[in-house]
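The values are calculated or read from the model by the stated rules, or taken from the named source; none is laboratory data. Quantities reported herein were computed from a predicted structural model and do not represent experimental measurements. Cβ coordinates were reconstructed from backbone atoms using ideal geometry, including for glycine residues, and neighbour counts include every protein chain displayed.
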Amino acid sequence: MKVVQIGVGGWGKNHSRVLSEFGVLSAICDTNSQRAEKFGKKYSVNFYNSFENLLEKEKFDAALVCTPTFTHSDITTRLIENKKHVFVEKPMTYLSEDGQNLVDLAKRNNVILTCGYIERFNPAVASVKDFLKSKKYGDLIRLEFYREHRMPQHIKDVGVIYDTSVHDIDTAMWLFDETPEVVYAIAGKINHEHEDFATIMLGFKDNKTATISSNWITPIRVRNFNAVCTEARIFSDFITQEIRIETDNGTENPKNVKAEPLSLEIKNFLDSIEGKNDLLVKPEQAVNVTKIAEAALLSSQKGTPIYLDLR
């Protein structure tokens, strides 16, 4: 299999490393010529500063797209039209309508399309998912997410909701195994052009909720969540992959095997191309995340809840 990496900036350089480790990286493309050359030479593959040149000169099976959000739709459309399998970093598109168009196009061209919602591949999150499915600690009634740090330097075109909160929107739907019925959000900006802090509440059926708190203000990197169940409170840290469970009988610290989520995520994409497994992140689910992000922005602007009809 031959896979190209499009965009080797802030996060894309990590994708190129993993693809090289898997032995499938065949070319690199970045509009920054120096960056393209740097990573092309580092991994001994062809490199381009033009997407058009890449399409014209390279033979490949799949692509990973790690470019600014506003470019995702056009680049992915061209790739799918050329019968390439595509992994797009989150969010899949800025507009949910564009995302749905990509889903339909991928089906017509019989190619695999997925999106980089990496926390599904975090071993700690997977362990919590298993606890919730088993009902070992009762029913899940509430999720609380906290994601804080300074703004990433490579993010220029979106605010904290599209860049940061979307991770937890996706994780909430995955852990509840359903879509929310209502969104209410409060957001603002202090230091940046787009919103740099936001609190989002997702309302699910039976009065179950997920609260997502994100900001680009605080200096300390925080990435954790709580799952409040009828018989326990489960805490997990996305970074350390630690899990702590508090029950009437005290505190438990279950052990789980740690692994790099990005490697697991990319392996799932590559294996699905070869028919070895199903995609963990379906493109339709990525479109729903964008719809919720759109609703969160609209809610923060109007000051009212936004009701959803997702499938």
Count, please, the residues in the range 27-64 that happen to be over 24 Å from the mean Cα position of the chain (by Cα) and in a strand (DSSP E or B). 3
Within the range 250-265, is even one residue surrounded by fewer than 21 Cβ atoms within 10 Å (Cβ to Cβ), touching a strand residue (DSSP E or B) at 6+ places or on another chain (Cβ under 6 Å) and not polar (S, T, N, Q)? yes
For the range 40-59, which positions are in contact (Cβ under 8 Å) with a residue 40 or more places away in the chain and buried (at least 19 other Cβ atoms within 10 Å of the Cβ)? Phe51, Leu54
Criterion: assigned to a loop (DSSP other than H, G, I, E, B) and among the hydroxyl-bearing types (Ser, Thr, Tyr) - qualifying residue of Thr77, Thr67, Thr71: Thr67
Those residues that are among the aliphatic types (A, V, I, L, M) and either within 30 Å of Leu113 (Cβ to Cβ) or in the same structural domain as Val86 (by TED's automatic domain parsing) (or both), I need them from the range 243-273; list them, please. Val257, Ala259, Leu262, Leu264, Ile266, Leu270, Ile273
Assuming Tyr146 fulfils every condition listed in (1) on the phi < 0 side of the Ramachandran plot; (2) at pLDDT 95 or above; (3) in contact with an Asp or Glu (Cβ under 8 Å, 6 or more places away or on another chain) apart from one, which condition is it? (3)
Check off (1) crowded, with 20+ Cβ neighbours inside 10 Å; (2) out of contact with any Ser or Thr (no Cβ under 7 Å at 6 or more places or on another chain) for Val125 and give me the number that stays unchecked. (2)
Being in contact (Cβ under 8 Å) with a residue 12 or more places away in the chain and surrounded by fewer than 21 Cβ atoms within 10 Å (Cβ to Cβ) is the filter; apply it to the range 27-37 and report the residue that is farthest from Gly7 (Cα to Cα). Ser33
Residue ranges of helices (runs of 4 or more DSSP H) in the range 94-191 with at least 1 members under 14 Å from Asn224 (Cα atoms): 123-134, 166-176
Take the residues of the range 266-290 that are among the charged types (D, E, K, R) and in a loop (DSSP other than H, G, I, E, B): which is nearest to the chain's Cα centre (by Cα)? Lys282
Just checking, which of Ser214, Ser263 is part of a strand (DSSP E or B) and either within 28 Å of Leu298 (Cβ to Cβ) or within 21 Å of the chain's Cα centre (by Cα) (or both)? Ser214
Is the range 280-300 home to any residue that is over 23 Å from Leu95 (Cβ atoms) and of a type outside the set (Phe, Trp, Tyr)? yes
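Results for (1) in the same structural domain as Ile220 (by TED's automatic domain parsing); (2) touching a residue at least 24 places away in the same chain (Cβ under 8 Å), shown as yes or no for each residue.
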| site | (1), (2) |
| --- | --- |
| Leu64 | no, yes |
| Thr67 | no, yes |
| Ser73 | no, yes |
| Lys83 | no, yes |
| Tyr94 | no, yes |
| Asp104 | no, no |
| Leu132 | yes, yes |
| Leu140 | yes, yes |
| Pro152 | yes, yes |
